[in-house]
1. If you check R125 against the conditions, is it modelled with pLDDT of 85 or more and loosely packed, with under 15 Cβ neighbours inside 10 Å?
2. Of all the residues that make up the range 77-134, how many are in contact with a helix residue (DSSP H, G or I) (Cβ under 9 Å, 6 or more places away or on another chain), assigned to a loop (DSSP other than H, G, I, E, B) and of a type in the set (G, A, S)?
3. Being of a type in the set (S, T, N, Q) and more than 13 Å from K139 (Cα to Cα) is the filter; apply it to the range 158-178 and report the residue that is surrounded by the most Cβ atoms within 10 Å (Cβ to Cβ).
4. From the residues in the range 262-299 that are among the small types (G, A, S) and assigned to a loop (DSSP other than H, G, I, E, B), which one is modelled with the highest pLDDT?
5. Look through the range 151-196, keep the residues that are in contact with a helix residue (DSSP H, G or I) (Cβ under 9 Å, 6 or more places away or on another chain) and charged (D, E, K, R), and return whichever of them is modelled with the lowest pLDDT.
6. Need the failing condition index for D159 against (1) without any contact (Cβ under 8 Å) to a residue 60 or more places away in the chain; (2) touching a Lys or Arg at 6+ places or on another chain (Cβ under 9 Å), just the number.
7. Checking the conditions here, which among G87, G122, G127, G132 is out of contact with any strand residue (DSSP E or B) (no Cβ under 7 Å at 6 or more places or on another chain), within 30 Å of Q346 (Cα to Cα) and not aliphatic (A, V, I, L, M)?
8. Which one is farthest from V281 (Cα to Cα), of the residues in the range 303-353 that are of a type in the set (V, I, T) and under 17 Å from the mean Cα position of the chain (by Cα)?
Amino acid sequence: MRWRAVLPLSALLMIDNNGGATHGPCVGKPWLLTSPPSARVLSFPTLGFRSSGDFPLSLTRHNLGLFGALAIIGLRLTIGFHFFSEGLDKLLNPRPFTAPFLSAAKGPFAPLLRSYVWDADGLVRLGYTGPGSKGMSVKPTEKHWDEYTRRAITHYGFDEQQKKRAADILKRYQRDLRQFARDYREDIAEYFRGVERRNQQLATRSIQQVDSLRGQSETWQSELRKKGAPLLAQVDSLWVGLERDLYALVKSSKSPASREKLAIGTLQPYVIDAGTIDRIVPWFDLFVGLSLIAGLLTRVGAVLGAAFLAMVAVSQFPGATGAIPTWPQWIEMFALLSLAAVNAGQYGGLDFLVRAARAKCCPSKRQS
């Protein structure tokens, strides 16, 4: 005989030490199925568990008890309000939070997480053209600004006078950009060399394998960020300034579309980068929070929330050099998995009503 591929655990819970069924349709019958006669059947204590049909190993409310049910409800609501408040705060007070978080990742997943930060080293914004670059190439930025200005003129519905002022603003910012590239030519070239050396060092396997060398590598990267931060701050101020000054011309425009601010965008944008994640996470937090608060689609919300917290936790991998403790994220992650395991929406949540309505209108074959 062949072994059956999967034995339902709920069936194993109905087997006694002698191989007979303790309850169910196989009462008093030896548990033969398709197992070989020499197979030893193990029995497990029920521990208050029973098969609930659609959700195996779910706890029944009767076995859980009043105190347990109240504890599950309290845990579900507490975590739900936490996610909801985080999402609401991000929507009401928008600010970049993903890029700093991903840039500070530590451990084996750090390279993957940092790859979602657009232009993390600032090489694109500083006009890096490849190994041996001796300064900033301003042509890509000037081309992008030209295209953005043309789109802004159309989007805002500028008249002739506003078009002329927009062209003057563009020329002024392009002139400032070229002046910046000349004034900081040596500093930019030195920064490029530092990034190239850092990349070569990170590619060396010995640095990743020795703890002391990993710590030294983190120090080098910290020093490199300090050198690049002032340069990137000036370049970013030019990008933001051009977008702001062109939008300032909108006040006198009569076009209905003129009130919608047109984003300047980025050079070489990613499909999914830190900016995209900044826009998704607030709505994600709200969904998880409302799901837990209402007790609707609780398992879906709990599993998604646990996956999100797992990503946060491994970004500061335990034991990695320079990693900060993430115990709160680990604790909340396992709490969410516990809520998913017991289907917490069945306790004081809408999932209970949905399941009751489904059982009434669409009874299973076993119930019928």
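1. Numbers: modelled with pLDDT of 85 or more: yes; loosely packed, with under 15 Cβ neighbours inside 10 Å: no.
Taking the combined requirement at face value, the residue does not satisfy it.
2. Selection size over the range 77-134: 9.
3. From the range 158-178, those of a type in the set (S, T, N, Q) are 161-162, 174; that's our starting set.
Then keep just the ones that are more than 13 Å from K139 (Cα to Cα); that gives 161-162.
Numbers: Q161: 10, Q162: 19.
Among those residues, the one meeting the criterion is Q162.
4. If we filter the range 262-299 for residues that are among the small types (G, A, S), which is where we start, we get 263, 265, 274-275, 289, 291, 294-295.
Those still in the list that are assigned to a loop (DSSP other than H, G, I, E, B) too: 263, 265, 295.
On the way: A263: 87, G265: 84, G295: 95.
Among those that are among the small types (G, A, S) and assigned to a loop (DSSP other than H, G, I, E, B), it is G295.
5. Here the answer is D159.
6. Here D159 meets the rest and fails (1).
7. Numbers: G122 fails: within 30 Å of Q346 (Cα to Cα); G127 fails: within 30 Å of Q346 (Cα to Cα); G132 fails: within 30 Å of Q346 (Cα to Cα).
So the residue among G87, G122, G127, G132 that is out of contact with any strand residue (DSSP E or B) (no Cβ under 7 Å at 6 or more places or on another chain), within 30 Å of Q346 (Cα to Cα) and not aliphatic (A, V, I, L, M) is G87.
8. If we filter the range 303-353 for residues that are of a type in the set (V, I, T), which is where we start, we get 303, 312, 314, 321, 324, 326, 331, 342.
Pick out the ones that are also under 17 Å from the mean Cα position of the chain (by Cα) and you get 303, 312, 314, 326.
Values: V303: 15, V312: 12, V314: 18, T326: 19 Å.
Out of the qualifying residues, it is T326.
The values are calculated or read from the model by the stated rules, or taken from the named source; none is laboratory data. Everything numeric in this text was worked out from a predicted model, so none of it was measured. Cβ sites come from the backbone with ideal geometry, for glycine too, and all protein chains shown count toward neighbours.
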